[in-house]
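Contents: one structure, followed by commentary.
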Amino acid sequence: MTASSATTIQANNAETLFYEEVDKHINSLSVKFRQKCVIKQNVYDDIIKCLTLPKGKPSGLYSSKFIYWVKQNFILMKLSGIDIGCCIKSKKPICIYEAYYNVISEGHAAVSHEGRHKTAFELNAHYSWIPRFCIEIFLKQCIPCQTRKPIKQHVISKPIISLGVMTRLQIDLIDMRTRPDTIAPDIIYNWILNCIDHYSKFSWAFPLKNKSANDVAVKLRELFFCLRATTIASQSRPRHPQSQGCIERANGVLCDALGKWMATNNSSHWSEGLLPVVYGINTRVSSITKTAPYQVMFGQPPRSDSEFWKLVEQNGIADEEDLPTLVAESDGETMYNKQFDSINSTDVLDSDVVHIVQKLSDDVVSNSLIDISSPQPSSARHDLIRKIATDNYLTTANKRMKQ
């Protein structure tokens, strides 16, 4: 048996076990909650038919109670010329029961095998009607996550506070000499240069042949020319949580996610996994700012429409001229207003932290990468994102100082 066939059998067994556990959980619920706990393919087809019924025309196929439930919870939206059933609140496509395993697997991999909350946040950004218990069941069966569970660390009592993007950049070298990545006879990577912006939690990672100052300087020069030079670039005592706590945790997160990527993709070349892993870390919500680092840095979520491109692939569309409808550009202003309201912090801050917020929070925009003197349509949204991130950042710091 080849390695690929063995992997396929293992994946099929995992999918079967997943649906067995989901069905077991659904059967344990009260009878009145079982039918509408998840939406299966036949129910989804009935929803589409109910939404396409002419107004005022009775239907003998469905009960009035079912039609009322459909009208109250779902709407019909056209995506690439195809009618798609969406949740009326979130405007996200309905994820049917039969696609749960593949969709959750893709979302979990997109956030580099993070936990329940960040996986759910990623899935809710693209789909609706995915129950939380299905995510929990999937995570319990994820082999890379179960074999690489992190050890809980003590909370830092006096965290460093730095407001503004690229005001403090922490860097560190991860020793990979025990697992060198041989790309070619003359290209052997032994180190990882890990960089993280202390405020936004945006990360960069570069493979290095050695840890010479010249190699590190070259990568930092590339980084600074892409964005700008940071106010403070710190590389303090190794494994010192008082000064290097942020980068030390980032090292652990990166190594853990990189190991899961290698196990999932059956690859020993960790340098190839740095880009997708770091992208997953940057696009998932941070527990400190309650916002994705990508959004704090650039003022918008990553441009991706997975459902649209799946339909394009299924219809075999290769050229833009073959698209059934024009792809309209959207700035996403309305889509994320509710998200901003939902992630606003309601915690009470100490007086000293309130003073810090009043004094420094307004300076975040001046330290940003965007020149607010020139009118830009997305500047207000970007300012709001960073304002929310700042409030949550200081709230978390306040909680840690109390402990």
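When you check TYR68 against the structure, is it without any contact (Cβ under 8 Å) to a residue 24 or more places away in the chain and of a type in the set (Phe, Trp, Tyr), yes or no? Yes: the conditions hold for TYR68. Restricting to the stretch 47-83, give me the number of residues that are in a loop (DSSP other than H, G, I, E, B) and either loosely packed, with under 15 Cβ neighbours inside 10 Å or touching a strand residue (DSSP E or B) at 6+ places or on another chain (Cβ under 7 Å) (or both). Going through the stretch 47-83 one residue at a time, the tally reaches 11.
Out of the residues in the stretch 257-293 meeting the condition of being surrounded by fewer than 19 Cβ atoms within 10 Å (Cβ to Cβ) and within 20 Å of GLN170 (Cα to Cα), tell me which one is modelled with the lowest pLDDT. Out of the qualifying residues, it is SER287. If you go through the stretch 254-280 and keep only what is hydroxyl-bearing (Ser, Thr, Tyr) and over 20 Å from GLN141 (Cα atoms), you end up with SER267, SER268, SER271, TYR279. Scoring GLY115 on the criteria (1) surrounded by fewer than 13 Cβ atoms within 10 Å (Cβ to Cβ); (2) touching a residue at least 12 places away in the same chain (Cβ under 8 Å); (3) of a type outside the set (A, V, I, L, M) leaves a single failure, condition (1).
In this structure, THR178 qualifies as assigned to a loop (DSSP other than H, G, I, E, B), surrounded by fewer than 21 Cβ atoms within 10 Å (Cβ to Cβ), at pLDDT 90 or above and assigned by TED's automatic domain parsing to the domain that holds ASN194. Every condition in (1) within 29 Å of THR264 (Cα to Cα); (2) surrounded by 16 or more Cβ atoms within 10 Å (Cβ to Cβ); (3) at pLDDT below 95 is met by GLU106 except one, and the failing one is (2). A search for C-beta distances below 9 Å between a residue of the stretch 201-219 that is touching a residue at least 12 places away in the same chain (Cβ under 8 Å) and surrounded by fewer than 19 Cβ atoms within 10 Å (Cβ to Cβ) and any residue that is acidic (Asp, Glu) and not in a helix (DSSP H, G or I), counting only pairs 6+ apart in sequence or on different chains, returns LYS211/ASP175. Confirm whether THR231 is surrounded by 12 or more Cβ atoms within 10 Å (Cβ to Cβ), at pLDDT below 90, β-branched (Val, Ile, Thr) and more than 27 Å from the chain's Cα centre (by Cα). So THR231 fits the description; yes.
None of LYS158, LYS118, LYS152 is modelled with pLDDT of 85 or more and not small (Gly, Ala, Ser) except LYS118. Return the residues of the stretch 84-108 that are part of a helix (DSSP H, G or I) and not hydrophobic (A, V, I, L, M, F, W, C); say none if nothing qualifies. Within the stretch 84-108, TYR97, GLU98, TYR100, TYR101, ASN102, SER105, GLU106, GLY107, HIS108 meet the criteria. When ILE26, ILE82, ILE48, ILE88 are checked against the criterion of being in the same structural domain as SER128 (by TED's automatic domain parsing), in contact with a Lys or Arg (Cβ under 6 Å, 6 or more places away or on another chain) and of a type outside the set (Lys, Arg), a single residue qualifies: ILE26.
The values are calculated or read from the model by the stated rules, or taken from the named source; none is laboratory data. What you see is a predicted model, and the numbers here were worked out from it, not measured in a lab. All Cβ positions, glycine included, derive from the backbone under ideal geometry; neighbour counts span all protein chains shown.
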